[in-house]
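Just below is one structure, and these are the notes that go with it.
The values are calculated or read from the model by the stated rules, or taken from the named source; none is laboratory data. All values derive from a computational prediction rather than experimental measurement. Here Cβ is always computed from backbone atoms with ideal geometry, including for glycine, and neighbour counts include all displayed protein chains.
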Amino acid sequence: MVAASLRWRFVFKSGLDHADNCIYNYCVSLNEANMDQPTKSCIDTIAKTCIGVRLRLLNRVITGYYDEALRPLGVRIGQLNILIVTAKLGLARPAQVCEILQLDTSTLSRNVKPLQAHGWLEVVPGEDAREQPFRLTPKGLRVIEKAVPAWEEAQRQATELLGDEGLVLLNKAAKKLAGTKTSS
């Protein structure tokens, strides 16, 4: 795991790992002759500074830490978050969970189905059959309790990768998101 962590640190600093760097350089040498200078400049700027690419890479790496730690329990971090939100709400309405976790309805539905199949969530009949509110079952609560040590280990790995300064910046950005909606 340490070697993988060091590899990811290299990826974050350079934006590319060794294999990508070789492919990138080869493709650049083939394509440079066919591009004008403004196009090369735009491509270089995006390749070196795109926040979206770096955030997606960071998201995949950190999600991998959590998913790997939680794998023995048969749950992924996105599903654990749904269980946690449901536990906090008591009776969770899909629209509420989507808003809290910034998910679209199809993503929530796709993640809730296996949680129901495992018996960790149960649908509660409501006035509107389309809404299908759900709640945590005792079995779901036990999964959360069992997940704590694995979650703590993944949290430690993510904290190590981000560092104190990274965590402060992450929390600051997350606070800015409070109350905003993402576009689907």
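Going by the conditions given, is Lys146 closer than 19 Å to Arg76 by Cα and loosely packed, with under 15 Cβ neighbours inside 10 Å?
yes
Quick one: Ser183 ticks every box in (1) part of a loop (DSSP other than H, G, I, E, B); (2) at pLDDT 95 or above except a single one, so which number is it?
Evaluating Ser183 over (1) part of a loop (DSSP other than H, G, I, E, B); (2) at pLDDT 95 or above leaves (2) as the failure.
Can you name the residue in region 116-136 that is hydrophobic (A, V, I, L, M, F, W, C) and not in a loop (DSSP other than H, G, I, E, B) and is also farthest from Tyr65 (Cα to Cα) among such residues?
The extreme case among them is Val123.
Picking from Lys139, Lys146, Lys113, which residue would you name as being assigned to a helix (DSSP H, G or I), of a type in the set (Lys, Arg) and either in contact with an Asp or Glu (Cβ under 7 Å, 6 or more places away or on another chain) or in contact (Cβ under 8 Å) with a residue 40 or more places away in the chain (or both)?
Result of the check over Lys139, Lys146, Lys113: Lys146.
Scan Leu161, Leu108 and give me the residue that is in the same structural domain as Tyr66 (by TED's automatic domain parsing) and either out of contact with any His (no Cβ under 7 Å at 6 or more places or on another chain) or not in a helix (DSSP H, G or I) (or both).
Numbers: Leu108 fails: in the same structural domain as Tyr66 (by TED's automatic domain parsing).
Criteria check complete, one pass: Leu161.
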